[in-house]
1. If a/c stays under 1.5 just call it rounded; otherwise compare a/b with b/c (prolate if a/b is bigger, oblate if not). Do that for segment A:32-262, with a ≥ b ≥ c from the square roots of the Cα gyration tensor eigenvalues.
2. Taking 56 Å as R0, compute the FRET efficiency from the Cβ-Cβ separation of residue A:160 and residue B:448 and round it to 0.05.
3. Considering Cα pairs under 8 angstrom that are at least six residues apart, work out the relative contact order of segment A:189-234 and quote it in whole percent.
4. With just the Cα atoms defining each centre, how far is segment A:209-265 from segment B:423-445? Give it in Å.
5. What whole-number distance in Å separates the alpha-carbon centres of segment A:42-77 and segment A:109-156?
6. Where does helix A:2-21 land angle-wise versus the long Cα axis of chain A, in degrees 0 to 90, nearest 10?
7. Is the protein assembly as shown best put as rounded, prolate or oblate by its Cα gyration tensor, with a ≥ b ≥ c the root eigenvalues, rounded for a/c under 1.5, and otherwise prolate when a/b is larger than b/c, oblate when not?
8. Please give the calculated 222 nm ellipticity per residue for the protein assembly as shown, where each DSSP H segment of at least 4 residues contributes -39500 (n - 2.57) and the sum is spread over every residue; nearest 500 deg cm²/dmol?
């Protein structure tokens, strides 16, 4: 009898450990990769037009403000074209940036500087550079392609009232990312990450991004306020949507180098 | 050769004719604003609330900032807008007097520019005024820095007025940027656009599907480059010439270039098909280096200046190769001196610019390399008395331009060290500079310039003009 009880206990313990060692995926309805695809596919809008206020905040509280207007447009399935126009401050007013995604090669990027009256290419490898002096890099501003990363669900966690999956993601090819890995807090059924931790190649926490004010705009869940903080310098950059419209007709002429020069499609 | 200008002019007008007769009423349709607000394209149900209604961007920003408007509606039509901006700059230069430091000359340059941009639904009007002290007191004719209108149609834009146009992907230096003159009165003004002068231009920018653009240009007059005739920046050759003339600069005789004869034409096709930005251009106009008739100079003690008619064929390319931003400009000047033996006319010339830059992956370090080449053809036919004669027989110029840049504190501190070196003649200029962003719109920079080389060389002619400059610039 004792032997039966002991065997039963050991078998139960083994089953429990086996279940745990398979990973928490078996405890959730979705795998880590499926969650990543839900996040990626949550951006199903064909076009987006936004006016964003960016505040660059020093650790002493000094604020520098930028206003940028952005258009994005999906072409050829899931590939995107983005154009950004800087409206303020005066030192960068009139600067314009264009990015065209490709599936089989690096993105094309150009920047127009009114002081030079010239359009200049930017190498995609410069993705790790700060975007116009903010705490976001050029890569941070882009959607990360799902197939280029590994994923793992670490746990579930409640954050800001949302039940979230905590996902770890890391690039399959280390040269594709400036980070060793990222942690994302993804609210179930909303699929817009509300927190991200970015770890550098030394494994140190480099930046923390949080998104707040999740609202449905024209049926799409959108974080109307986001903030990225550099943990080393304690400098923060906040992004706040002042205007936002999805799925409006957008002239393809916006996504040309001629638009960068003239400001007209 | 004489047939070529006629053929070229006919070809240009034929091109203009076929382009214009191929146009339909649809081409003259007003350009789209692109926000989908034209009838039938905007889904009212997709988002008609105030959050998705953009309206006037500048008004939104001004209201958000709680400040007075920097732009305002000029009428009941909300699409009319007038923007006012500009710059205030204050430069102080300390010229190094190596014998007596306390006697080092100091120059002060206050400078104000005002820009007006009036935007209508399908047109822009741009006016830039230049209020430097020199212009206000000596050169009021040049108070207008630019003044032009741009009209937007469905397939093309029309630009008319007095404007600066920049062609070529080079960084602050070009070899195919031919349309407008340069102002060399302040030789070391590092700002390429500030050194350019506007020109009267009629321009059509014809947009094709696939991202190509055809620019057709007519310039009714020719304005030569501006060189100072007195002061620290008079070029060595010009200074030598003035010294030989009995009445100095008054004995330099210029032709009248605002006549029909001095009209110029140009066409440029460009395309960004993906990996490559490509451009090709043709220019029929004048070579900007003046020719001097040395025979008449010897006989009459007067320097008769002329500008040579040229046909110019050129091209440019920009791409990214293995992480290197790379660019190339190239062109060939066809003058009337095909044999190279006419002392009154410049020989044919090949010009090249090759450059690249790349982030080094350390801090924000960026290294830039440019090589600008200038090659005079048939130089073996050039002898004393020729307008291009060089006593040392140097008829090629390769200028190497290097720059190393970095930035700190989110671009608030930007140091750069630049060097330009002429390979054949050994003259050079070195200028380290550091720029501080004091506030969003206020920048301070400290720069030192060091010249070196022989007196008759491009940089060496200013060997005794080394200086330290402190600049404040405020943009609004």
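1. The shape class here is rounded.
2. Step by step, r from the Cβ atoms, then E = 0.55.
3. 33 percent.
4. Between the Cα centres of segment A:209-265 and segment B:423-445 lies a distance of 34 Å.
5. 13 Å
6. Relative to chain A, helix A:2-21 is tipped by roughly 10 degrees.
7. prolate
8. Only helices count here, giving -3500 deg cm²/dmol.
Throughout, read-outs are computed from the coordinates displayed, never taken from laboratory work. The structure presented is a predicted model; accordingly, all values stated were derived computationally and were not measured. All Cβ positions, glycine included, derive from the backbone under ideal geometry; neighbour counts span all protein chains shown.
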